[in-house]
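Only one structure is covered here, and it is reproduced in the block below.
The values are calculated or read from the model by the stated rules, or taken from the named source; none is laboratory data. Nothing here was measured: the structure is a model prediction, and the numbers come from that model. Backbone-built Cβ (ideal geometry, glycine too); neighbour counts: all protein chains shown.
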Amino acid sequence: SRVAVIVVAAGSGTRLGRDLPKALVPVAGEPMLVRAVRGVRRALPGAEIVAVLPAESEDLWRIGRELGGRPVATEPDADDGGSAAAVRDTAGHEAAGTGGVVLVAGGATRTASVRAGLDAIGPAADLVLVHDAARCLAPAAVFDAVVGALESGATAVIPALPVVDTVKTAVPAEDPRIAPEQVYDTPARSTLRAVQTPQGFVRSALAAAHRQAETWAGHRAEAVTDDAMLMELAGIPVHLVPGSLESLKITTEQDLRIAEAAVASAGE
Ligand code: CTP
Ligand code: MG
């Protein structure tokens with residue numbers, strides 16, 4: 001089977017607060033996009049890679065081209081508040097098939113960015129992995145486990161770790177200025193998992209789920225925080241494989257320090 005990997009890197013990095021798109025922020029001297037794409041290439045040589053970038057970041061598009069990336073022509077998608085839908089580009093797919101990268105503009109939400117990536121994948125891939133550029137240190141073993149489970153017949157596979165904290169659900173205060181939130185309940189910790197990327201799917205199933213979700217609006221659309229959720233909502237079993245502490249999502253300055261310590265202790 002042929003694997004395509006969508007690396008979503010079109011977020012703005014608000015919580016990191018650097019005034020730069022997050023994928024451009026260096027981790028021990030190298031932008032997250034560079035580390036993420038290199039991680040995919042090491043883990044899955046020969047996989048087609050689609051990097052989804054912020055439309056307006058000239059620096060990230062330049063870095064994408066330095067990685068061997070070929071921009072895929074895009075046209076505005078009227079239904080999607082200014083995101084871009086890819087237009088098929090044969091030359092771009094040939095580049096991707098030989099270890100290159102296809103570059104495509106993302107959308108206003110992560111879900112829209114994944115959809116833009118899906119639209120840019122060439123015809124040959126039948127398995128798709130979706131990976132956060134912000135998890136740029138994800139190790140090859142996790143990619144291998146995800147692809148292995150798909151090749152053993154799973155339709156949807158996600159890497160996850162057990163949760164160490166006790167987790168509670170909350171009833172939000174009706175008026176946050178006068179009342180504290182209240183605990184609603186405490187799910188059994190043994191049933192909880194913290195979920196990471198790369199998440200892997202049979203391409204046709206993921207594409208169908210995204211086509212369905214494209215019609216959703218408001219709260220329903222906002223509630224979608226990962227791709228596996230779309231499969232769950234479609235009644236498709238989602239298989240769990242072991243994740244890794246190295247796959248942490250760099251969200252805050254603290255996470256960036258942890259990631260840099262991990263790079264240093266790996267002797268890079
Ligand atoms: N992402 C994306 N397109 C968006 C939003 C997010 O491609 N419209 C990507 C990010 O680039 C990141 C991954 O989805 O690799 C996970 O998102 P997150 O960690 O939330 O990154 P940001 O949205 O950039 O950060 P923040 O929420 O702090 O702004
Ligand atoms: Mg975000």
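Every condition in (1) without any contact (Cβ under 8 Å) to a residue 12 or more places away in the chain; (2) assigned to a helix (DSSP H, G or I) holds for E246 except the one numbered (1). Scanning region 214-229 for residues that are aliphatic (A, V, I, L, M) and either surrounded by 15 or more Cβ atoms within 10 Å (Cβ to Cβ) or touching a residue at least 24 places away in the same chain (Cβ under 8 Å) (or both) turns up A221, V224, A228, M229. Specify the residue that is farthest from A125 (Cα to Cα); the eligible residues are those in region 1-43 that are within 15 Å of ligand 2 (Cβ to nearest atom), of a type outside the set (A, V, I, L, M, F, W, C) and touching a residue at least 12 places away in the same chain (Cβ under 8 Å). Top of the filtered list is G17. Between V130, V147, the distinction of being at pLDDT 95 or above, closer than 24 Å to E30 by Cβ, not in a loop (DSSP other than H, G, I, E, B) and not hydroxyl-bearing (S, T, Y) belongs to V130 only. Exactly one residue among V114, V27, V40, V34 is within 16 Å of ligand 1 (Cβ to nearest atom), touching a Gly at 6+ places or on another chain (Cβ under 9 Å), at pLDDT 95 or above and aliphatic (A, V, I, L, M), and that residue is V114.
Scanning region 1-29 for residues that are assigned to a strand (DSSP E or B) and closer than 24 Å to V146 by Cβ gives V3, A4, V5, I6, V7, V8, V27. Any residue at all in region 44-54 that's away from ligand 2 (no atom under 16 Å from the Cβ), surrounded by fewer than 20 Cβ atoms within 10 Å (Cβ to Cβ) and farther than 24 Å from E253 by Cα? Yes - at least one qualifying residue is present in region 44-54. Of the strands (runs of 3 or more DSSP E) lying entirely inside region 150-200, the ones with 3 or more residues being not basic (K, R) are found at 156-162, 169-171, 182-185.
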